[in-house]
Amino acid sequence: TENEEIITQGVESTSALNAISEPLVTHIYTADPSAHVFKNKIYIYPSHDVENDLPLGDNGDHFDMRDYHVISLDKPHGKATDHGNALDVKDVKWAERQMWAPDAAEKDGKYYLYFPAKNYQGIFHIGVAVGEQPEGPFVPEDTHIAGSFSIDPAVYQDDDNQYYLLFGGISGGQLQNWREGEFGEEVYPADNEAALKPIIAKLADNMVDLAEAPLEIDILDENGDLLLAGDIDRRYFEGPWMHKHNGIYYFSYSTGDSHKIVYATSDSPYGPFNYQGVILEPVIGWTTHHSIAKFEGKWYLFYHDSSLSGGQTHLRNIKMTELTHNDDNSIATITPYLE
Ligand code: FUB
């Protein structure tokens, strides 16, 4: 496209040790990388972070993103292409601001970009935009997805070609304001009560509607009890992702204020999921957000940190590294920096 900019980052010739610490692109700030393999390439759907003077606060106002750029890689750590503006908030009728972490899916040769944004009442919902190519451009629907709420959409395509929309984030993501499909006053559970839960719903055949009312996903501890709100090292905060390995559903997510990417497993996409352990230890910056994708037989973790901006929480950069499933189906914990 006219905007397309090809940039080659210098990671191809460096060692694996360097590769783990290199941002995939440095010409813009990027975050929340959702990665998929389309047309034999890696396509990454990140947030596009921007500088601003808005105050840092729990409601996340300083994450004031306005558009999306899709980044493709011809191979892991290979040449990165920024395909330019794929969708701008000014073209989304229902959305006013804060284009946060997106994801994408392909069905029957069409590409669907799922994204959260605040509407003109300051309430987060999830929208969808449709494109002919993985890099867009994407044409948004006039309204948000009916029944959707909160942030951080992720689409999981199961082996039977059923697609599921996962979403939800607490604090700035407003999950604590939603009860039975209604937005209201925020209510956080007490520390000894069950934590707020991530949400899942089947997508309809048309990929732009939900096929069912959203359901909560249970995440259980080693005793089969729901994770508690006070268990901040393990409970769900935001950034859901699902992948399948050896017939097991892996549900992974950010623990937010304890800054980890962790995972739980189940034999159903609806759960219940059993908590297993840490995928990624804390990174530079407050947020941590990831995706997991397989390319040419190897699994990769896509994630971000704030190293490029010297630690500014709202100015992040996407990275990738290999992810290992051990023989017992556990995932090897990744430490993001060299000791
Ligand atoms: O990028 C804005 C928000 O920060 C995302 O939606 C969260 O997952 C966190 O990474």
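The values are calculated or read from the model by the stated rules, or taken from the named source; none is laboratory data. Model, not experiment: these values are computed from the prediction. Here the Cβ is made from the backbone with ideal geometry for all residues, glycine too, and neighbour counts use every protein chain on show. Just so you know, the surface numbers come from the protein's heavy atoms only, side chains and all, with ligands and any DNA or RNA stripped out. Shrake-Rupley method; radii C 1.70, N 1.55, O 1.52, S 1.80 Å.
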Mind ordering 162-171, 101-110 by average Cβ neighbours within 10 Å, highest first?
162-171, 101-110
Shape verdict for the stretch 257-313, please, from the Cα gyration tensor: rounded (a/c under 1.5), prolate (a/b greater than b/c) or oblate.
oblate
Tell me the carbon and sulfur percent of the accessible area for the chain, rounded to whole percent, probe radius 1.4 Å.
45 percent
A student applying the Cα gyration tensor rule (rounded when a/c is under 1.5; otherwise prolate if a/b is larger than b/c, oblate if not) would label the stretch 221-339 oblate
Find the relative contact order for the stretch 254-339 and round it to a whole percent, using C-alpha pairs within less than 8 Å whose residues are 6+ positions apart.
24 percent
Classify the chain: rounded, prolate or oblate, from the alpha-carbon gyration tensor (a ≥ b ≥ c, eigenvalue square roots; a/c under 1.5 rounded; otherwise prolate if a/b is larger than b/c)?
rounded
Neighbour net charge for residue 233 - beta-carbon separation under 12 angstrom, K R +1, D E -1:
-1
Give me the net charge of residue 199's neighbourhood, meaning all other residues with Cβ under 13 Å from the Cβ of residue 199; Lys, Arg count +1, Asp, Glu -1.
-3
Simple spin-label estimate for residue 27/residue 322, 7 Å along Cα→Cβ, in nm, reads 3.0 nm
Between the stretch 86-102 and the stretch 142-203, what is the separation of their alpha carbon centroids in Å?
19 Å
Can you list the HN-Hα couplings for the stretch 301-312, worked out from phi with the Karplus curve (6.51, -1.76, 1.60; θ = phi - 60°), rounded to whole Hz and with x for Gly and Pro?
9, 9, 8, 9, 8, 10, 5, 4, 9, x, x, 6
Normalising by the residue count of the stretch 70-178, find the relative contact order in percent from Cα pairs under 8 Å and 6+ residues apart.
20 percent
Suppose the chain between residue 94 and residue 146 were pulled fully straight at 0.36 nm per residue; how much longer would it get relative to their current alpha carbon spacing?
17.5 nm
Per DSSP H run of at least 4 residues, take -39500 (n - 2.57); add these up for the chain, divide by its residues and hand me the 222 nm value, nearest 500 deg cm²/dmol.
0 deg cm²/dmol
Please give, to one decimal in nm, the separation of the simple spin-label points placed at residue 40 and residue 79, each 7 Å out from Cα toward the Cβ.
1.5 nm
Kindly rank 188-198, 327-337 from highest to lowest mean number of other beta carbons found within 10 Å of each residue.
188-198, 327-337
Expressed per residue, the solvent accessible area of the chain in Å² (1.4 Å probe) is about 41 Å²
